[in-house]
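Enquirer: My questions will all concern the structure given below.
The values are calculated or read from the model by the stated rules, or taken from the named source; none is laboratory data. Computed from a prediction, not measured in an experiment: that's the story for all the values here. Cβ sites come from the backbone with ideal geometry, for glycine too, and all protein chains shown count toward neighbours. Side chains included, ligands, DNA and RNA excluded: accessible areas come from the protein's heavy atoms. Shrake-Rupley method; radii C 1.70, N 1.55, O 1.52, S 1.80 Å.
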Amino acid sequence: SATIVHDATGLRLQLTGDASGYAWAEQAVTIGAGDVLLEHVLKFRVAGYGGAKLLFRVGSTSTGVEVLAEVELDVGEHSIGFTPGSGNTTVYIQFRQTNAPSRPMYIDNVELIDNAPMEVVSPYTTANLTNLQIFQAADVAYLLHPSYAPLRLERRGHKSWSIVEAFFEDGPYNEINPGT
């Protein structure tokens, strides 16, 4: 009962899960025999409800994870690097939605990049940069600006980056003070 459709209004792929929240789309991509040992980058945007997750993986077989193990992605912009490997002239790009309850997730602006500079799309203009505050912990930087929702810049590898909505868990709180 899941649906995978082209959203003609938004010009993007829509994944809406079944009762369990599960929907999956896969596309075979042909790689030139001389390029199978080179790193390729797939750029795309994930849109949907904040806090929802999308699973991404690349296989040398349909439904496989032989090229790139499953990566959990948030709503936002993504650039994911992968190397097909010897003999893998066809790879299968897979997007899976497993959110329950099911809500539509959208995949947009999908682009396979070769020999181009690495670029991560952000909503900030040059004028916004003076008010941008950045806090970093290891490979994650939090981007805070008074006019925008908080964002998280994630580094997974030298060609694998994401800029996504930052959601913070509730708390922590101090214990209740029973006295005055």
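Enquirer: Select from the stretch 76-92 the residues that are at positive phi and more than 18 Å from the chain's Cα centre (by Cα) and list them in ascending order.
Expert: Looking only at the stretch 76-92, we keep the residues that are at positive phi, and these are 76, 85, 87.
Listed by number, the residues that qualify are G85, G87.
Enquirer: Go through the stretch 101-140 residue by residue and tally those that are in a strand (DSSP E or B) and either of a type in the set (D, E) or open to solvent by less than 90 Å² (accessible area, probe 1.4 Å) (or both).
Expert: From the stretch 101-140, those in a strand (DSSP E or B) are 105-113, 133-137, 140; that's our starting set.
Keeping just the survivors that are either of a type in the set (D, E) or open to solvent by less than 90 Å² (accessible area, probe 1.4 Å) (or both) gives 105-108, 110-113, 137, 140.
Of the residues in the stretch 101-140, 10 are in a strand (DSSP E or B) and either of a type in the set (D, E) or open to solvent by less than 90 Å² (accessible area, probe 1.4 Å) (or both).
Enquirer: Does the stretch 55-64 include one or more residues that are closer than 21 Å to R156 by Cβ, in contact with a Pro (Cβ under 6 Å, 6 or more places away or on another chain) and open to solvent by less than 60 Å² (accessible area, probe 1.4 Å)?
Expert: no
Enquirer: Would you pick out the residues in the stretch 86-142 that are of a type in the set (V, I, T) and touching a Pro at 6+ places or on another chain (Cβ under 9 Å)?
Expert: Of everything in the stretch 86-142, those that are of a type in the set (V, I, T) and touching a Pro at 6+ places or on another chain (Cβ under 9 Å) turn out to be T90, V91.
Enquirer: Identify all residues within the stretch 32-46 that are touching a Pro at 6+ places or on another chain (Cβ under 9 Å) and buried (at least 17 other Cβ atoms within 10 Å of the Cβ); write none if there are none.
Expert: Those that are touching a Pro at 6+ places or on another chain (Cβ under 9 Å) and buried (at least 17 other Cβ atoms within 10 Å of the Cβ): V36, H40.
Enquirer: I'm checking my understanding of the structure. Among residues of the stretch 1-22 that are closer than 14 Å to P104 by Cβ and touching a Pro at 6+ places or on another chain (Cβ under 9 Å), which one is surrounded by the fewest Cβ atoms within 10 Å (Cβ to Cβ)?
Expert: Checking each candidate, the answer is T3.
Enquirer: Look at S62 and say whether it is small (G, A, S) and in a loop (DSSP other than H, G, I, E, B).
Expert: Yes, satisfied.
Enquirer: Next up: Restrict the check to the stretch 73-82 and report whether at least one residue is out of contact with any Cys (no Cβ under 8 Å at 6 or more places or on another chain) and loosely packed, with under 15 Cβ neighbours inside 10 Å.
Expert: Kept after step one, since they are out of contact with any Cys (no Cβ under 8 Å at 6 or more places or on another chain), are these residues of the stretch 73-82: 73-82.
After this cut, where a residue has to be loosely packed, with under 15 Cβ neighbours inside 10 Å as well, the list is none.
No, there is no match, as no residue in the stretch 73-82 is out of contact with any Cys (no Cβ under 8 Å at 6 or more places or on another chain) and loosely packed, with under 15 Cβ neighbours inside 10 Å.
Enquirer: Here are some conditions: (1) within 22 Å of V41 (Cβ to Cβ); (2) outside any strand (DSSP E or B); (3) in contact (Cβ under 8 Å) with a residue 40 or more places away in the chain; (4) open to solvent by 50 Å² or more (accessible area, probe 1.4 Å). N88 meets all but one. Which one does it not meet?
Expert: Of the numbered conditions (1) within 22 Å of V41 (Cβ to Cβ); (2) outside any strand (DSSP E or B); (3) in contact (Cβ under 8 Å) with a residue 40 or more places away in the chain; (4) open to solvent by 50 Å² or more (accessible area, probe 1.4 Å), the odd one out for N88 is (4).
Enquirer: Among (1) closer than 17 Å to D108 by Cβ; (2) surrounded by 16 or more Cβ atoms within 10 Å (Cβ to Cβ), where does G50 come up short?
Expert: It fails just one condition, (2).
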